[in-house]
Amino acid sequence: MTTTPDITPALVEALRDAARRNEAFDRLTAAMLRPLYWHIRRLVVVHEDAQDACQECFVKAYDGLEAFRGGADELRAWLYRIATRAALTLLRRRRRSLFASLDEVGRELAVRVADEAGPDADRALVRLHEAVLELPLKQRLVFNLRYFDDLPYAAIARILGEREQTLKVNYHYAVEKLKTKLANHE
């Protein structure tokens, strides 16, 4: 897995040093805020919810730094795992019913994509996001992490706690469903 250019072994070393941790965490935040915000935003759709979950992600990351033992490659996956959990926790809290699944929540959010995107948004991209939100949760997560975040399957496996082969199958099914759904929409 390739690290973000700003996530280096030297940054990880600085994060472990109490005297340099705050300055290093600021650099980490600057490097990862945008990708994590958009990862979360694709899951929760609403800007304010994405901001809340992103803030939660960085608070949890800062609190967990002393226990983090991985290198630069693992740091990025660790942050995505925290961000994913923060987004899913927010979605669980937003469910209308205790018995509603996160798949149902995704379908409900799909109808909000166009409103959140605004009138100047690329309609094809809006339709893609709507279709992605209609996928089952695991396929949605894998598709977003692979397609939009360009993460390798090894990193996605660390983020989601799944085997790479399982993720490849889920990605394949997601792509096939999206092709069908988008072709039928035209």
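Every read-out reported here was derived from the displayed coordinates using simple, explicitly stated rules and does not represent laboratory data. Quick caveat, the model's predicted, so the values are computed rather than measured. Backbone-built Cβ (ideal geometry, glycine too); neighbour counts: all protein chains shown.
Compute the length gained on full extension between Arg112 and Tyr147: take 0.36 nm times their separation in residues and subtract their Cα-Cα distance, giving the result in nm to one decimal.
Details: separation 35, 0.36 × 35 = 12.60 nm, distance 2.13 nm.
My answer for the length gained is 10.5 nm.
In the chain, the DSSP-assigned H stretches of four residues or longer account for a calculated mean residue ellipticity at 222 nm of -23000 deg cm²/dmol, using -39500 (n - 2.57) per stretch and the full residue count as denominator. With no solvent and one equal point scatterer per Cα, compute the Debye intensity ratio I(q)/I(0) for the chain at 0.13 Å⁻¹ and report its log10, rounded to two decimals. The computed values of log10 I(q)/I(0) come out as -0.70. Could you tell me which of Ala14, Asn184, Pro152 has its Cα farthest along the dipole of the chain towards the positive end, charges placed at Cβ (Lys, Arg +1; Asp, Glu -1), taken about the Cα centre? Of the options given, the answer is Asn184.
Estimated from the Cβ-Cβ distance and a Förster radius of 22 angstrom, the FRET efficiency linking Ala121 and Glu48 is about 0.80.
For Lys168, the lysines whose Cα comes closer than 25 Å to its Cα, not counting residues fewer than 8 places off in the same chain, are Lys138, Lys177, Lys179, Lys181.
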